[in-house]
Amino acid sequence: MSFKNKSNVCMLGISLCVKLINANSKKCKSKLNNVVLTCTNAAKKKQFCYWERACHGLCEIYFAGASLGITSDGFFELEELPRRSVVVGAGYIAVEIAGILSTLGSKTSLLIRHDKVLRTFDSMISANCTQELENAGIDVWKHSLVKSVTKSSLGLLEVTVISSAPGHKPTVSTIPDVDCLLWAIGRNPNTEGLNLDKLGLKLDATGHIVVDEFQNTSRKGIYAVGDVCGKALLTPGNRPVLHSAVLPPRGSHTCD
């Protein structure tokens with residue numbers, strides 16, 4: 001994650017010193033300040049603000065053939081356009097990737113658990129986006145889950161899908177000859193084994209770091225952003241960290 005508020009910092013005339021620590025280990029020091037815990041694959045290079053690569057999100061899927069698919073990481077490693085693509089997920093990553101693949105000419109199916117994409121967004125945006133995806137030629141499979149994935153001798157995938165719309169009996173269908181199966185169903189926090197409890201950081205029952213609206217953790221001077229918090233953060237998710245680090249205590253000032 002690059003710190004995209006560099007221009008804003010310059011306008012404020014404030015210089016931040018955020019320490020870079022690679023904490024992908026069980027060794028955590030208790031004397032830390034101005035540390036940002038992220039779940040990104042940010043390159044370790046000199047920037048205006050340094051970010052810690054601490055809790056890379058895990059995409060864990062357990063059923064037959066799940067490993068035959070890729071995640072959004074693998075999407076950027078594709079060297080050729082898939083002829084037939086299946087994207088699983090209803091969040092903004094799934095929507096973006098399905099739209100890209102379809103626009104480039106790949107026959108694309110989008111599998112979602114409910115009847116709309118972007119369900120955490122405004123209902124009008126959610127409904128309109130779902131309709132626009134269908135208008136663009138994307139085959140949206142609603143109320144659908146992947147049951148299994150198999151690979152043929154030709155190297156193509158066959159995705160078995162269970163669809164279960166409310167009031168209807170479940171049906172089992174297959175999507176054959178798939179070149180690219182992409183999972184975009186979120187990430188689990190990779191906090192296990194980091195001994196964050198020794199730093200005084202509170203975790204919820206699912207292993208996410210507990211933060212407030214300004215990304216403050218339970219330990220002053222340590223922030224957490226991204227999937228490790230379990231919140232639906234988009235790119236501007238780094239802004240609250242800046243506000244918290246440079247502005248007076250909450251309640252005296254606000255900033256958009």
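On inspection, residue 186 qualifies as outside any strand (DSSP E or B) and closer than 17 Å to residue 70 by Cα. Given (1) under 24 Å from the mean Cα position of the chain (by Cα); (2) surrounded by 14 or more Cβ atoms within 10 Å (Cβ to Cβ); (3) over 29 Å from residue 109 (Cβ atoms), identify the lone condition not met by residue 213. Status for residue 213: all satisfied but (2).
Table: residues versus (1) over 23 Å from the mean Cα position of the chain (by Cα); (2) assigned to a strand (DSSP E or B); (3) assigned by TED's automatic domain parsing to the domain that holds residue 88.
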{"site": "120", "(1), (2), (3)": "no, no, yes"}
{"site": "145", "(1), (2), (3)": "no, yes, yes"}
{"site": "155", "(1), (2), (3)": "yes, no, yes"}
{"site": "169", "(1), (2), (3)": "yes, no, yes"}
{"site": "173", "(1), (2), (3)": "yes, yes, yes"}
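In the condition set (1) small (Gly, Ala, Ser); (2) surrounded by 16 or more Cβ atoms within 10 Å (Cβ to Cβ); (3) over 30 Å from residue 222 (Cβ atoms), residue 173 is compliant with all but (2). So is residue 85 in contact with a helix residue (DSSP H, G or I) (Cβ under 8 Å, 6 or more places away or on another chain) and outside the structural domain of residue 229 (by TED's automatic domain parsing) or not? The answer is yes for residue 85.
Looking only at residues of segment 79-109 that are in contact with a Cys (Cβ under 7 Å, 6 or more places away or on another chain) and not in a strand (DSSP E or B), we find that the one that is farthest from residue 133 (Cα to Cα) is 82.
One residue alone among 109, 144, 148 is farther than 14 Å from residue 180 by Cβ, touching a residue at least 12 places away in the same chain (Cβ under 8 Å) and surrounded by 17 or more Cβ atoms within 10 Å (Cβ to Cβ), and that residue is 144.
The values are calculated or read from the model by the stated rules, or taken from the named source; none is laboratory data. What you see is a predicted model; the values in this text were computed from it and never measured. Neighbour counts are summed over all protein chains in view; Cβ atoms, including those assigned to glycine, are modelled from backbone coordinates with ideal geometry.
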